[in-house]
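Data block below; observations after.
The values are calculated or read from the model by the stated rules, or taken from the named source; none is laboratory data. Only a predicted model underlies this, so the values are computations on that prediction, with no experimental measurement involved. FYI the Cβ positions are ideal-geometry reconstructions off the backbone, even for glycines, and counts take in every protein chain you see.
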Amino acid sequence: MRLYAYICIVDARRLHELISFLAQPRRLAITTHHKPDGDALGSSLALCRMLNKMGHQATVVSPCDWPSFLNWLPGASDIIDFESAASVAKQALSEADLLFCLDFNDLGRIYRMGEVVKTLECPMVMIDHHTHPSAFDTYRYHDVSASSTCELIYRLALEVGWSAHIDAEVAECLYCGTMTDTGSFKFPSTTPAVHRMIADLMERGADHYKVHSQVYDQMGVHVLRFLGYCFSEKLRLLPEYAVAYFAITAEEVKRFGLQTGDTEGLVHYALNIEGVRMAVLIIDRNERVKMSFRSRGAVPVHEFARQWFDGGGHYNAAGGQSTDSLERTEARFLEVLPAFVNTWGEHMPPPLPEHD
Ligand code: 5GP
Ligand code: MN
């Protein structure tokens, strides 16, 4: 049975244990969630580069492919994709002395790779900011009030004396993940500490304009056409519930030639509508129907996703899935929505981020 040692960010003793383990060169693997986003890959590549600079042999293994607008991240070309290079990925995982699990907290989030990870004997370190962590880890650095896993990697680096390894490349990885997870420093999780970190990352060489341009200004024309189609044809407004949503069919995904990452951001537009408190994207990904939930204020979409759609995430940003058809998933969503809307207001607002 795996030793379960909860490390909260104030537990310096356990942190010391982990750092002692890293005092000699180790073979390390780093992984993150399925369809990794800017925070998932930014935090993984930042940690990987720091560990390699310290003399370890670290490798990032992704459960699957990622959006092409993240390919510029330093080290992205060395990531092993479990789906397209399964045997190389399995070897990297089985040879690791330690596995870092970044930006997720349940093995279900790494899909098929979870079956391999479950069989590993090595200790595992969870570094994450989502709610409801499962106990698969050996060491944990977890804080739901953190803006991003990148912020946690930065805090960890400062706490354990790795800050000299935050070079311009690491800084750009951390900048990228913090930027994408905070909606470009807009969400309430953007504390003064986040801005201080960003200032430090810029002083270490992060080119903020380059990062923003790489992530947001490389859109394929087909994506813009798809967005236009969604706005004019697909947006469904439920004014009585203050909800707006899109339901996208597999045929539409194919027709517009959508690739991984092309729908990122779509759900946010529905939340831009005046009066809307919850926005949802339901999309048929063939293998399963995926859902994205976003909300404003005291609307705990992570609970809704957990209760009805086998998902979870953050208070105001969560995801889920369904093995039903798109039509049945949409019908179920519309069926369970009124009861959820009725609970709004009874819920406490999301925990206020700590200001220091
Ligand atoms: P997105 O809608 O951008 O895919 O995800 C929003 C947030 O919810 C992210 O923090 C993501 O990691 C999390 N998330 C997305 N899908 C799932 C899911 O199926 N299960 C859980 N637990 N979290 C998810
Ligand atoms: Mn994140």
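Structure summary
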quantity	calculated
Qualifying residue in segment 101-124 (condition: more than 15 Å from ligand 1 (Cβ to nearest atom), buried (at least 23 other Cβ atoms within 10 Å of the Cβ) and modelled with pLDDT of 95 or more)	no
Qualifying residue in segment 90-99 (condition: within 16 Å of ligand 1 (Cβ to nearest atom) and surrounded by 18 or more Cβ atoms within 10 Å (Cβ to Cβ))	no
Flag if GLY183 is over 27 Å from SER20 (Cβ atoms), in contact with a Cys (Cβ under 7 Å, 6 or more places away or on another chain) and within 13 Å of ligand 2 (Cβ to nearest atom)	no
Scan of segment 16-35 for residues that are outside any strand (DSSP E or B), closer than 22 Å to THR138 by Cα and within 16 Å of ligand 2 (Cβ to nearest atom), ordered by number	HIS33, HIS34
Residue tally, condition away from ligand 1 (no atom under 16 Å from the Cβ) and either charged (D, E, K, R) or part of a strand (DSSP E or B) (or both), over segment 315-333	3
Residue that is farthest from the chain's Cα centre (by Cα), among those in segment 180-207 that are part of a helix (DSSP H, G or I) and loosely packed, with under 14 Cβ neighbours inside 10 Å	GLU203
Among (1) surrounded by fewer than 22 Cβ atoms within 10 Å (Cβ to Cβ); (2) touching a residue at least 24 places away in the same chain (Cβ under 8 Å); (3) over 23 Å from ALA206 (Cα atoms) - the single one MET54 does not satisfy	(3)
Contacts under 7 angstrom Cβ, first residue in segment 264-287 being outside the structural domain of PHE226 (by TED's automatic domain parsing), partner of a type in the set (Phe, Trp, Tyr), 6 or more apart	none
Boolean, GLY38 is more than 16 Å from ligand 2 (Cβ to nearest atom), of a type in the set (Gly, Ala, Ser) and under 30 Å from GLY265 (Cα atoms)	no
Evaluation of ALA146 against (1) within 30 Å of GLU252 (Cβ to Cβ); (2) in contact with a Lys or Arg (Cβ under 9 Å, 6 or more places away or on another chain) (one fails), failing number	(1)
Selection within segment 155-178 - within 13 Å of LYS210 (Cα to Cα) and within 16 Å of ligand 2 (Cβ to nearest atom)	CYS173, TYR175, CYS176
Those residues of segment 201-244 which are β-branched (Val, Ile, Thr) and out of contact with any strand residue (DSSP E or B) (no Cβ under 8 Å at 6 or more places or on another chain), in sequence order	VAL211, VAL215, VAL221, VAL223
Output for segment 255-309, where each listed residue is within 20 Å of the chain's Cα centre (by Cα) and of a type in the set (Phe, Trp, Tyr)	TYR269, PHE293, PHE304, PHE309
